[in-house]
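Undergrad: Here's a structure for you.
Since every read-out is calculated from the coordinates, none of them should be taken as a lab result. Computed from a predicted structure; not experimentally measured. Please note: Cβ atoms are built from the backbone with ideal geometry, for glycine as well, and neighbour counts cover all protein chains shown.
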Amino acid sequence: MNKPFSIKALHQKVEQAINALSLTKKPQELYGPIRYSLAMGGKRIRPIMLLASCNLFDENIDVAVNAAVGIEIFHNFTLLHDDIMDNAPLRRGNPTVHSKWNNNIAMLSGDTMFVKASELMTQCDDNKLREVLEVYHKTAIEVCEGQQLDMNFETTDNVSIPQYIQMITLKTAVLVAASLKIGAILGGALPEDAENMYLFGKNLGIAFQLQDDILDVYGSPDKFGKQIGGDIILNKKTYLLLKAFQIADRYKKEELANWIFAPQFDAIEKVQAVTEIYNYLNIRELAKKEFEKYYALAFSHFDKVPVNEERKIEILSISRSLLGREE
């Protein structure tokens with residue numbers, strides 16, 4: 001077989017396919033926000049992973065391009081609706097769709113994106129259609145379940161770490177997992193190999209979110225690309241916060257709770273105080289161990305896929321870029 005496609009080549013394939021979509025129809029208020037959302041860019045991690053997974057088993061990745069674009073549109077649809085629910089003003093440094101237009105237009109454009117994503121998922125070989133759609137539809141429902149759990153956690157005090165892992169699995173990890181499994185299916189992988197690609201992606205996605213939790217507190221603002229301490233300011237139920245409440249003695253729990261439930265506070269002072277509690281409890285190292293557990297589990301499944309190591313290079317590179325953000 002020829003050498004696998006490079007990440008750059010896969011990215012170009014995705015961009016070309018997105019640019020070729022027919023999104024110039026009327027009414028402009030419906031399709032303009034869709035074009036705007038997709039033009040914001042992003043790393044296109046999920047569609048690239050889908051194509052790279054297909055390329056593990058087949059040189060002809062054209063059979064998976066429609067599904068790859070479908071996954072990317074679905075991902076952007078979830079972001080558009082998340083932004084409405086969070087009333088977020090910015091996405092990737094640009095005004096969100098609902099703030100640039102309005103909530104009603106954003107919801108309707110998002111609904112259209114979901115339908116377009118589903119339409120693209122059907123454009124694959126008939127003999128693989130049912131299997132692909134089963135993965136896609138199951139994942140679409142799970143992502144919604146994860147978002148609902150995340151919203152539930154905002155008003156729930158007693159969230160356990162297993163519940164948190166379940167939430168990030170559904171909200172974040174299963175879409176990475178589905179991308180890899182659908183790519184494998186379209187590439188002609190055996191069922192057990194496609195399932196190992198799914199488990200690789202699921203555990204990689206969990207590891208990614210755990211790393212995100214760590215970087216929110218301990219990352220470099222320039223390299224992380226987000227406000228440091230944002231989760232602390234918003235009282236988000238992260239692995240770090242839940243672990244701190246789990247292992248702290250009564251006095252540290254009271255100190256932490258006072259900051260979490262304070263109706264008024266100085267943001268800088270709060271981030272510093274909560275971080276000091278984390279440092280006292282060694283939370284950073286405990287979170288890293290949890291990250292390393294899921295990272296190792298991910299690659300234990302990837303190692304089971306009986307493909308020449310040369311063909312795995314690009315997926316390994318994508319995984320490193322996904323998890324390669326520095327502190």
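Undergrad: Is the shape of region 203-300 best called rounded, prolate or oblate, per the rule: a/c under 1.5 gives rounded, else a/b larger than b/c gives prolate, else oblate, with a ≥ b ≥ c the square roots of the Cα gyration tensor eigenvalues?
TA: Note, shape of region 203-300 comes out oblate.
Undergrad: Here is a further query. Once you've got the Cα coordinates, tell me which of LYS100/LYS270; LYS116/LYS237; LYS236/LYS293; LYS116/LYS171 are over 30 Å apart.
TA: Over 30 Å Cα-Cα: LYS100/LYS270; LYS116/LYS237.
Undergrad: Which translational diffusion coefficient, to the nearest whole µm²/s, is obtained for region 173-255 from the Stokes-Einstein equation, given a Kirkwood hydrodynamic radius over C-alpha pairs, 4 °C and 1.567 mPa s?
TA: Answer from the Stokes-Einstein relation: 86 µm²/s.
Undergrad: Can you list residues from other chains, or at least 5 along the same chain, whose modelled amide H is less than 5 Å from the amide H of ARG91?
TA: When sequence neighbours closer than 5 places are left aside, the close amide H contacts are THR96.
Undergrad: Could you give the alpha-carbon Rg of region 1-73 over 2.2 N^0.38 Å, rounded to two decimals?
TA: 1.20
Undergrad: Here's something else I'd like to know. Of the peptides 24-35, 241-252, how do they stack up when ordered by the mean number of other Cβ atoms within 10 Å, highest first?
TA: 241-252, 24-35
Undergrad: Something else about it: Using a simple spin-label model with points 7 Å from Cα along the Cα→Cβ vector, what separation in nm is obtained for GLN16 and GLN246?
TA: Label at GLN16, label at GLN246, 4.7 nm between them.
Undergrad: Along each of the three principal axes of the Cα atoms of region 47-111, give the extent in whole Å, ordering the values from largest to smallest.
TA: On the principal axes, region 47-111 reaches 44, 22, 15 Å in Cα extent.
Undergrad: I've got another one for you. So what is the diffusion coefficient of region 135-223 in µm² per second by Stokes-Einstein at 20 °C and 1.002 mPa s, using a Kirkwood Rh over Cα pairs?
TA: Rounded, D is 152 µm²/s.
Undergrad: What are the equivalent ellipsoid semi-axes of region 7-323, built from the alpha-carbon gyration tensor (square roots of five times its eigenvalues), in whole angstrom, biggest first?
TA: 35, 25, 16
Undergrad: Next question, about the same structure. Take each complete run of DSSP H in the chain, measure how far its Cα atoms stretch along the helix's own axis, and keep only those covering 20 Å or more with mean Kyte-Doolittle hydropathy at least 0.0; list them.
TA: Counting only whole DSSP H runs, the qualifying helices are 65-86, 103-121, 267-281.
Undergrad: Would you mind working out the magnitude of the charge dipole of region 7-323 relative to its Cα centre, with +1 at each Lys and Arg C-beta and -1 at each Asp and Glu C-beta, to the nearest 20 Debye?
TA: 460 debye
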